[in-house]
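Read the figures in this text as sums done on the coordinates, not as results from a lab. These figures come from a predicted structure and were not determined experimentally. Cβ sites come from the backbone with ideal geometry, for glycine too, and all protein chains shown count toward neighbours.
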Amino acid sequence: MDNILQDLQQYFGYDEFRPGQQQVIQQLLSGHSAAAVFPTGGGKSLCYQLPALSLPGITLVVSPLIALMKDQIDALAKRGVNARRLDSSLSADEYRDVMSELRHGSLKLLYVAPERFNNERFRESLLHINISLFAVDEAHCISEWGHNFRPDYLKLADFAQQFKAERILALTATATPSVLDDICRQFDITDDCAVRTGFYRPNLTLETTVVSSKNRDQVLLDSINRQPPGATIIYVTQQKTTELLAQQLVDAGLPARAYHAGLKTELRNEVQEWFMTTDVAIVVATIAFGMGVDKANIRSVYHYNLPKSLENYSQEIGRAGRDGLPSNCHMLACADDLNVLENFIYGDTPDESSIFNLIESFFAQNPVGEELEVSLYSLSSEFDIRSLVLRTLLTYLELEGYLQGGTPFYADYSFKPLLSSQEILQRFDGERKIFVGNMFRQAIKGKIWYKLNPATAAIKLGTNRERIITALDWLGEQQLLEVKVAGVRQNYRILRQPESTESLSNKLFQRFQQRELAEINRLQQVLDLVSMHDCQTNALAAHFGELRQSPCGHCSSCNNDKRKIEANWASRKSENLNSDLWGKVEQLAKKQSDIFTNPNQLTRFLCGISSPLLSRHKLTKHELFGITESSPFADVLQKVKRISNSSA
């Protein structure tokens, strides 16, 4: 450890470790895999960055956060550590440079997104690399029963084994005991190598105020004005709310800006840079803001809308007060938020008929060994399954041994010549000149751009698709062409046929229903925390496995300033929808019977839950779309079922 402490001081400027760090690092340097559950801002990244300096091979870091990759790599470069990343923002030259350094062993750390492992060439290159440490950030994403499950994470354990990674480090800030057990089971980490530090942070005051939708804005404004000016994040659920609320705060004389995933990249970067460099900035944001934001002096975090889980809540409030100074975390609890949050959940559960039809399309006419090229966008639209849910479904089929996924590729290429074709062809001799000329002849000319389908061109030229792609990439790198790509497609190979399509689709449907129930239960845990009269800080800590003996003394419950909350504070009134409305609903259901084939589909439409099928038929612009969004989904579903039964 003497060398490790020396590196800690030399490269990172610290004289001692934070809680849990030394224990995790010692496990790794002893050759063991480990898990680290530290609170947000608890120093997880040091647990792989520091060992990477001592381990002989490369440390491969898997993270879904491109912004985090860039920030960490820039910081490591300043410390003299050679770290690089592979992501979609790299040019072809940059990609080749990274792969060259990887093959020659000059890299210490390589950051990649989990989706990178879908690339067969990348996977092949890793088979010849000594991976000393395979670090997985946001490791809770591997658990189906966690709050932020990502299908690509399910394959990481198999990849680590395939690449003969010497040790694995799983890191997260938001793993409950059951999720941590799931992480350790999948990555084969023993219990004694799973390190969890305390969740409780004494400088954070947890405040909860029950509000109505009418008085919420004023309660927020009053609270902000009571606090000393300081960097503030206000989390909301919907993108449109960020714009409206930010403008209200600006009108009240406060320095506020909106941030959400729908903004252009340049504007998002501008808002984030403004927030990072301004001590009194207020950002009104969806949860798209905050990942990878390392600002120590955030004084307040507000939840204008209810968080969808205690895991989300803890991760978001964890961004406050990383400098150890007092900070305020204020939740404005409004029962009206529940409809929107529940609708997000119900919208992600596909109909069993959609699953059945998808499986039948894959297996009914395709024998074992058949290779398929599919567009996930087209499949999503055709079978009315949301994109992320579709990827999850296909991942399940991979893990069950029915499919084998290959490398995604672009089906459509467009290019704009930057020189005349004659000038370009003069750069080549012999067979290469003939090949490039013939390739150009396969392109379809538009006004400025030429379109080329590499697969079709390859067949006509008697070559393989890879040569076409290589030629286009090279011509683009030499600035002879400007090249654009579109139409991402995915390769799959049929490995085995299901014994029963109906049985398999039912099994997968049950799996999605279990996830739906788990998400509803997570939302209920938030409601339970709001209505709690005991110490809320202790209850939140207990959710993550930390049992505290004494009340914190600085949450709303401990301060006795929380409004009296009735046990049924979250009960919602379901609007008494008139008979004329339901008459229109019946007429629409009959007219569009090929779309509204079951009560769930019609209920999602009425509650304003979009789907690929509704968008394709422009029904999201219909006057009845979202007409019952202010009523609970379950109440609307019950009414729709009564209509369906009466008309049957």
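Using a 10 Å cut-off on Cβ atoms, rank the peptides 388-394, 76-82, 153-159, 527-533 from the highest mean neighbour count down. Spell out each step's value before the answer.
Working: 388-394: 20.4, 76-82: 14.0, 153-159: 18.9, 527-533: 16.4.
Highest to lowest by the protection proxy: 388-394, 153-159, 527-533, 76-82.
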*Let me have the relative contact order for the chain, percent, based on Cα pairs under 8 Å that are six or more residues apart.*
13 percent
*Under 5 Å, built H, 5+ apart or other chain: amide partners of VAL488*: ALA411
*Amide hydrogen neighbours beyond the local backbone of ILE168, cut-off 5 Å, H modeled*: SER33, ALA34, PHE134
*In region 478-508, the trypsin sites (Lys or Arg not before Pro) that fall in loop regions by DSSP, at most 14 other Cβ within 10 Å*: ARG496
*Could you give me the ³J(HN,Hα) list for region 126-142, computed from phi with Karplus coefficients 6.51, -1.76, 1.60 and θ = phi - 60°, whole Hz, x at Gly and Pro?*
6, 5, 10, 10, 7, 9, 6, 9, 10, 9, 10, 7, 6, 5, 4, 5, 7
*So for the chain, taking the charge dipole from beta-carbon charges (+1 Lys/Arg, -1 Asp/Glu), which of LEU332, ILE459, LEU624 sits furthest toward the positive end?*
ILE459
*asked:* Taking 0.36 nm per residue of sequence separation and subtracting the Cα-Cα distance, how much length would be gained by fully extending the chain between ALA364 and ASN578, in nm to one decimal?
replied: 72.4 nm
*For region 377-392, in order, what is each residue's ³J(HN,Hα) by Karplus, 6.51 cos²θ - 1.76 cosθ + 1.60 with θ = phi - 60°, in whole Hz (x at glycine and Pro)?*
4, 5, 4, 4, 5, 5, 9, 6, 10, 4, 4, 5, 5, 4, 4, 5
*In Å, the Kirkwood hydrodynamic radius of the chain over pairs of distinct alpha carbons?*
27.7 Å
*When the Cα centres of region 583-632 and region 332-386 are compared, how far apart do they sit, in Å?*
17 Å
*Which value, in debye to the nearest 20, gives the size of the charge dipole of region 38-130 about its Cα centre, when Lys and Arg are +1 and Asp and Glu are -1 at the Cβ?*
260 debye
*Which value at 222 nm does the chain reach when only helices count, each DSSP H run of 4 or more adding -39,500 (n - 2.57), with the total divided by all residues and rounded to the nearest 500 deg cm²/dmol?*
-13500 deg cm²/dmol
_In sequence order, calculated HN-Hα J values of region 608-620 (Karplus, 6.51, -1.76, 1.60; Hz; x Gly/Pro)_ = x, 8, 6, 8, x, 5, 5, 5, 5, 9, 6, 7, 6
*Could you work out the per residue convex hull volume over the alpha carbons of region 1-121, in cubic angstrom?*
122 Å³
*If you bin every alpha carbon distance in region 579-647 into 10 Å steps from zero, what whole percent lands in each bin?*
21, 63, 16
*Can you give the Kirkwood hydrodynamic radius of region 216-300 from its Cα pairs, in Å with one decimal?*
12.9 Å
_Relative contact order for region 2-196, counting Cα pairs under 8 Å that sit 6 or more residues apart, in percent_ = 30 percent
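Which peptide among 307-320, 622-635 comes first, and what is the full order, when sorted by highest mean count of other Cβ atoms within 10 Å?
Top of the packing list down: 307-320, 622-635.
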*asked:* Applying a 10 Å radius around every beta-carbon, put 174-186, 398-410 in order of their mean neighbour count, most first.
replied: 174-186, 398-410
*asked:* What's the magnitude of the charge dipole for the chain around its Cα centre, counting Lys and Arg as +1 and Asp and Glu as -1 at the beta-carbon? Answer in Debye, nearest 20.
replied: 1220 debye
*Span from the region 67-100 Cα centroid across to the region 150-225 one, whole angstrom*: 26 Å
*How many Å³ per residue does the convex hull of the Cα positions in region 106-145 occupy?*
93 Å³
*Which cross-chain or sequence-distant (5 or more) residues have an amide H under 5 Å from the amide H of MET331, H modelled 1.01 Å from N in plane?*
GLU207, THR208, THR209, HIS303
